[in-house]
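Worksheet: one structure, shown below.
The values are calculated or read from the model by the stated rules, or taken from the named source; none is laboratory data. Values in this document were obtained by computation on a predicted structure and should not be read as measured data. Virtual Cβ from ideal backbone geometry, glycine too; neighbours counted across all protein chains shown. Just so you know, the surface numbers come from the protein's heavy atoms only, side chains and all, with ligands and any DNA or RNA stripped out. Shrake-Rupley method; radii C 1.70, N 1.55, O 1.52, S 1.80 Å.
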Amino acid sequence: MKAIVRAENVSKVFDMGKVQVKALDNINVEIDEGEFVAIMGPSGSGKTTLLNMLSALLRPSAGEVFVNNKPISKMDDDELAIIRGKTIGFIFQTFNLIPRMTALENVMLPMWFAGLSVKQREERAKEALEDVGLGDRVDHKPNELSGGQRQRVAIARALGNKPDIIVADEPTGNLDSKSGEQILQIIEELNKNGKTVLMVTHEREIGLRAERIVHIKDGKIIENEIRKTGRRSPK
Amino acid sequence: MSKLRESGIDLELFKRSATSLRKQGMRTFLTTLGVVIGIAAIVALIAVGQGLNTSVQEEFEKMGSNTIIVLPGANFTQSTFASLEENDPKRIESINGVEDVFSIYFKSKQVEFEGVKRSSVIMGLNPEKQEGMKTIGMLGLKEGRDLADNEKFAVLLGERFQEESFENDIQIKQRLLIEGKSYKVVGINESGGSSFGSMFDNAIVMPKEGLDEISEETLTPFRIIVKVYNKEDIPDVKKRITKVLEKAHGEEDFQIMTASQIQESAGAILGLVQAVLVGIAAISLAVGSIGIMNTMFMSTMERTREIGIMKAIGATNKHIRNLFLIEAGFIGAGGGIIGVGIGFVIALVVGVIADVSGFPLRINPDIVLFLGAVLFAMSVGMIAGYIPAKRASEMDPVDALGHD
Ligand SMILES: Nc1ncnc2c1ncn2[C@@H]1O[C@H](COP(=O)(O)OP(=O)(O)O)[C@@H](O)[C@H]1O
Ligand SMILES: [Mg+2]
C-alpha cells in the first residue's frame, strides 16, 4: 500500500520563550492511499499540530515527515507551499474563506497559485461548486452563505487542484448537526470515490465515520483503532 | 418604494456601503496625499519648464537669436540718464561680422487726439531700415504701410497704443497732434510675442529726423540692435563692439546684451523655481512613501489571517509579496493620477497668470510626462510597499492562521 503521508519519530516543540510546549512526542503514523483516517483526542492533545505536520504546514522539531515519500523537514517555504497547493486539500473548522471574494473566486484561488489558466480555473471551480451542490451560489460572498454552504465552498476549494489527500480539522465543529451531517456525507462520498481523507475530531461519533482512528493524548499516539477493513480496493 | 424593498434593496444597504466606501476612500486618500502633492509639484514643474523653454525659444527664434543689444549706461540704473553717442551706429556697422545695425531713438511728448492730450512715448528709427528690422521681428505691420523714406509727418502706432491710449481706437489715416504739428497714422505695428515687438507696442514710431525736429536736438541712440551674420560669432562680435566703443568713449559707459545672456538669466530664475519645486516634490514623496508604507503595514496586519489562508492553500512567498506590492503600486498610481491632474491644472493657471502679465507661456499636455509621472508614482508606491509586502510574505502560515 502506498503511503501518501508518513511521520517517522516526529516531535514538535513550541518555543514560547520561557516555557517550551511539547505538542507532539515521537509520533509514528502513516496514511495510505484511499484511506479515511480520523485523529481523535481531547482538546490540547496535539491533533491540530499533528494534522499541520502531516500536511506540510509545519516542520518537525525532530523526526521526519514524508509526503509522497519526499522528506519535508529540509524544504524551504516555497517548496512546502507548492506541496500544500498541489498535494493537499485543506478544510478548516472556521472555513477560512476570503471574505472579499465570491465563492467562485475563493475556489479558483489555489488553482491560480498552482499556475492554472483562467479558463481551467473557472471550469474546474464551477464543476467543483456544482459537485458540492452550490452551482447556483457561485457569485455569492461568504457572508451571504450559511455555515454549511461556506464549508461546502471550502471543500470545493480543497478539490480544485485534484489533491492526493484531503485534510479536515474539525470540519463540523462550527456547524449545526444537520449541516455537519451534510459535510460528513460529502467527505465520505469523496473517500468512496478514492480520495484519501485525514480528519481531526474530538467527537467519537464523528470519528466513527472513518475506517481507522488514531487516538492521541498529550502529543503521543495511544491507540490505532481499525474500524472497517476490506472496502478499500488495492491498487 | 415597496418594489425596491421586495427586491431586497433598502436604504440601509446603500447607506452602509456608502459609509464603508467613504471610510476606505478617506484612508486611501490620506495615504496618497503626499504622493499627490509630490507628483503635482513635479508635473507642474516640468510642464511650466517646458512651456517656458518653448516660449523663450520662440522668442529667440523671432529675435533671430543672432542679435546683440547695446544700451547706454554701465548698469541698469545708469541707463536712464546715460546716453550712447551719435556715431556709435556707424562705428558698429564697420565691425567684422556685423550684418546690420538698427538704432532706436526715444522721446516722451504730449500727444493730442480728438482734443485729449496724453503724455506718450515716441520712438524714432531710420525708415530705410524697416525691412531689415522685420527680418529680426522688431517690426511687423498689422495694417497700413511702412514709413516712407523722407516722410516727416507720418507715424506708425503700436497696437496697444492704438487701442488703449485714447477713448476711441485710433484709425489709419487719422491724425495726431504733437507739439502743435499734425501727423498722419500710416500703419499699425502688431503686438506679436517678441520682446522687440513689445518695445513699440505702446509707442508712436516715426522717422528719426522727425523726432529730432520735435525734440529740437540731435538725439543719441536709446538702443542699438546689432544683427550678426552667424550667431556662433556673437561672443566675438560682442568683444569687438566693446573694444570699439570703449576706445571711442574712453570708458565702458554702455552695456551689451546678447540672447544667450537673456537665456541665462531666464535659466537662472527657472533653476531657482525648479530647486524649490524639486524640494517640495522630494519632501512630499518621502512623506507619501512613509504614508503608503504605514498603510501597507496596517493592511498586512489586518489581513494576517487571509495571508495564512492563502499560504495554506498553496501561495508561495512570492505570490503574497506580489499581491501586496501590486496593491501598493495601485495606491501609488492612484495618487499619481490625481497628482498629474492637479499638477497640470497648476501649470495651466501659471500659464494664464504669465499670459496676463504679458509673458506668453504655452502649457501643452504631454502624454509622455503624464504616463511617466504615473509610472513614477507607482514605483514610489511599490518601493514603499516592498518592506511590508516582504514581511507579509514571510509570515508563518500556522501563526498567521492563528491557532483556534
Ligand atoms: N503555534 C503554537 N505556538 C505555541 N503553542 C502551540 C501552538 N500550536 C499549538 N500549541 C500548543 O500545543 C498543544 C497542542 O495544541 P493543538 O495541536 O492545537 O491541540 P488540539 O488541536 O488537539 O486541541 C497545546 O498545548 C497548544 O497550546
Ligand atoms: Mg485543534
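Consider only pairs whose beta carbons are under 9 Å apart and that are at least six residues apart or on different chains; among these, list those whose first residue lies in the stretch B:379-404 and is more than 12 Å from every other protein chain (Cβ to nearest Cβ) and whose second residue is surrounded by 15 or more Cβ atoms within 10 Å (Cβ to Cβ) and not in a helix (DSSP H, G or I).
B:A392/B:R303
Identify the single condition in (1) outside the structural domain of B:G334 (by TED's automatic domain parsing); (2) modelled with pLDDT of 80 or more that B:S2 does not satisfy, given that it satisfies every other one.
Failing condition for B:S2: (2).
Given the criteria surrounded by fewer than 22 Cβ atoms within 10 Å (Cβ to Cβ) and either modelled with pLDDT under 90 or not charged (D, E, K, R) (or both), does B:E93 qualify?
Against the criterion (surrounded by fewer than 22 Cβ atoms within 10 Å (Cβ to Cβ) and either modelled with pLDDT under 90 or not charged (D, E, K, R) (or both)), B:E93 does not qualify.
What number goes with the only condition from (1) within 29 Å of the chain's Cα centre (by Cα); (2) more than 18 Å from B:G49 (Cα to Cα); (3) among the aliphatic types (A, V, I, L, M); (4) assigned by TED's automatic domain parsing to the domain that holds B:I383 that B:I309 does not pass?
All conditions are met except number (1).
Given the conditions (1) away from chain B (no Cβ under 11 Å); (2) within 15 Å of ligand 1 (Cβ to nearest atom); (3) in contact with a Lys or Arg (Cβ under 7 Å, 6 or more places away or on another chain); (4) open to solvent by 10 Å² or more (accessible area, probe 1.4 Å), and given that A:V29 satisfies all but one, which numbered condition is not satisfied?
(3)
Checking B:G8 against (1) out of contact with any helix residue (DSSP H, G or I) (no Cβ under 7 Å at 6 or more places or on another chain); (2) open to solvent by 40 Å² or more (accessible area, probe 1.4 Å); (3) at pLDDT 70 or above; (4) assigned to a loop (DSSP other than H, G, I, E, B): exactly one of these is not met. Which one?
(3)
Identify, please: which residue in the stretch A:46-59 is more than 9 Å from chain B (Cβ to nearest Cβ) and within 14 Å of B:D396 (Cα to Cα) and is, among those, nearest to ligand 1 (Cβ to nearest atom)?
Ranking the qualifying residues of the stretch A:46-59, first place goes to A:M53.
Return yes or no: is A:L50 touching a Leu at 6+ places or on another chain (Cβ under 9 Å), open to solvent by 10 Å² or more (accessible area, probe 1.4 Å) and either at negative phi or not in a helix (DSSP H, G or I) (or both)?
no
Among the candidates B:I331, B:I307, B:I320, B:I269, which residue alone is away from chain A (no Cβ under 14 Å), β-branched (V, I, T) and in contact (Cβ under 8 Å) with a residue 12 or more places away in the chain?
Details: B:I307 fails: away from chain A (no Cβ under 14 Å); B:I320 fails: away from chain A (no Cβ under 14 Å); B:I269 fails: in contact (Cβ under 8 Å) with a residue 12 or more places away in the chain.
From the options B:I331, B:I307, B:I320, B:I269, the qualifying one is B:I331.
Here is a list: B:E143, B:E217, B:E159. Which entry is open to solvent by 10 Å² or more (accessible area, probe 1.4 Å) and without any contact (Cβ under 8 Å) to a residue 12 or more places away in the chain?
Only one candidate qualifies: B:E217.
B:N66 passes all but one of (1) at pLDDT below 70; (2) more than 25 Å from B:I346 (Cβ to Cβ); (3) surrounded by 13 or more Cβ atoms within 10 Å (Cβ to Cβ); which number fails?
Looking at each condition in turn, B:N66 falls short on (1).
Can you name every residue in the stretch A:159-174 that is in a strand (DSSP E or B), within 17 Å of A:E33 (Cα to Cα) and open to solvent by 10 Å² or more (accessible area, probe 1.4 Å)?
If the condition is that a residue be in a strand (DSSP E or B), within 17 Å of A:E33 (Cα to Cα) and open to solvent by 10 Å² or more (accessible area, probe 1.4 Å), then no residue fits.
Quickly run through the stretch A:4-18 and pick out the residues that are touching a residue at least 40 places away in the same chain (Cβ under 8 Å) and either within 14 Å of ligand 1 (Cβ to nearest atom) or closer than 27 Å to A:K162 by Cα (or both).
Within the stretch A:4-18, A:I4, A:V5, A:R6, A:A7, A:E8, A:V10, A:S11, A:K12, A:V13 meet the criteria.
So, A:V21, is that one within 14 Å of chain B (Cβ to nearest Cβ), more than 15 Å from the chain's Cα centre (by Cα) and more than 16 Å from ligand 1 (Cβ to nearest atom) or not? Give the steps one after another, and end with the answer.
On the way: within 14 Å of chain B (Cβ to nearest Cβ): yes; more than 15 Å from the chain's Cα centre (by Cα): yes; more than 16 Å from ligand 1 (Cβ to nearest atom): no.
So A:V21 fails the test.
Got a number for residues in the stretch A:87-110 being in a helix (DSSP H, G or I) and within 13 Å of the chain's Cα centre (by Cα)?
The total comes to 1.
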